[in-house]
Amino acid sequence: MNKVVLNEGLQTIRLAAFAICASLESITIPSTVTEIDAGTFEDCHELREIGLHEGIQKIASNAFGRCTSLERFTFPSLSTRLGTITRAGQTEVEDKIDDVRGQIIERRDSDVFIPAVGVALLMITSHNWKRLKGILGRIGRLITYCEVKEATTLFELAVWKSKIDQANTNPINRDVYRIDIPGPVKNNILQYLNFRV
């Protein structure tokens, strides 16, 4: 498989940059790209998979014109982050993602992607990208919420361990040294970070 991973730093993929690239089968767009111009991948007949990110502001309506083999759009960053928090035991986020992902975006385990059916819809008009971008943003916020929740738990454990390490008594009653971050503080942190999930 001829797979291309573009370098970070690239901001716009210009008009017809990969047009008629006969051997291109897979490409991953870096997180720095904000715009994909018209005809960028036009007539790439072997192109099967494109890795996107939710930060792309604009995808021209004919950016993927006549990509007859295109099977799916993937979202590697979201998938990696989702995999990390589900492996940490926060599996409840998967159900919440399933509630907001709509009918076009699919999830298998930690993989978030748009299958062949949705690919055709995305190829038709850039308006669809704006709608999908909103859904992907909500998924990203859910994942970030869980990441922050995990971080506050780790903070609590670190404070608890520190207090135990400072204890002079033997044997140590660990419960005496347990410190929880109060619920209102957690809520204020999340509100400060502007989470609306």
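Here are a few things to note about the model shown:
- As for region 96-104, it holds at least one residue that is over 26 Å from Val148 (Cα atoms), over 13 Å from the mean Cα position of the chain (by Cα) and part of a loop (DSSP other than H, G, I, E, B).
- The listed residue being modelled with pLDDT under 75 and either of a type in the set (A, V, I, L, M) or in contact with a Phe, Trp or Tyr (Cβ under 9 Å, 6 or more places away or on another chain) (or both), out of Leu136, Leu154, Leu132, Leu142: Leu154
- Those residues of region 59-106 which are surrounded by 15 or more Cβ atoms within 10 Å (Cβ to Cβ) and either under 18 Å from Gly39 (Cβ atoms) or assigned by TED's automatic domain parsing to the domain that holds Glu147 (or both), in sequence order: Ile59, Ala60, Ser61, Asn62, Ala63, Phe64, Gly65, Arg66, Cys67, Leu70, Phe73
- Filtered residue count, region 42-61, keeping only those that are more than 27 Å from Ile139 (Cα to Cα) and touching a Leu at 6+ places or on another chain (Cβ under 7 Å): 2
- Scanning region 114-125 for residues that are touching a strand residue (DSSP E or B) at 6+ places or on another chain (Cβ under 8 Å) and either surrounded by 17 or more Cβ atoms within 10 Å (Cβ to Cβ) or among the aromatic types (Phe, Trp, Tyr) (or both), we see that the one that is modelled with the highest pLDDT is Ile114.
- Selected residue (criterion: surrounded by the fewest Cβ atoms within 10 Å (Cβ to Cβ)) from residues of region 46-58 that are within 24 Å of Ile97 (Cβ to Cβ) and touching a strand residue (DSSP E or B) at 6+ places or on another chain (Cβ under 8 Å): Gln57
The values are calculated or read from the model by the stated rules, or taken from the named source; none is laboratory data. Keep in mind that what you see is a predicted model, and the values were worked out from it rather than measured. Here Cβ is always computed from backbone atoms with ideal geometry, including for glycine, and neighbour counts include all displayed protein chains.
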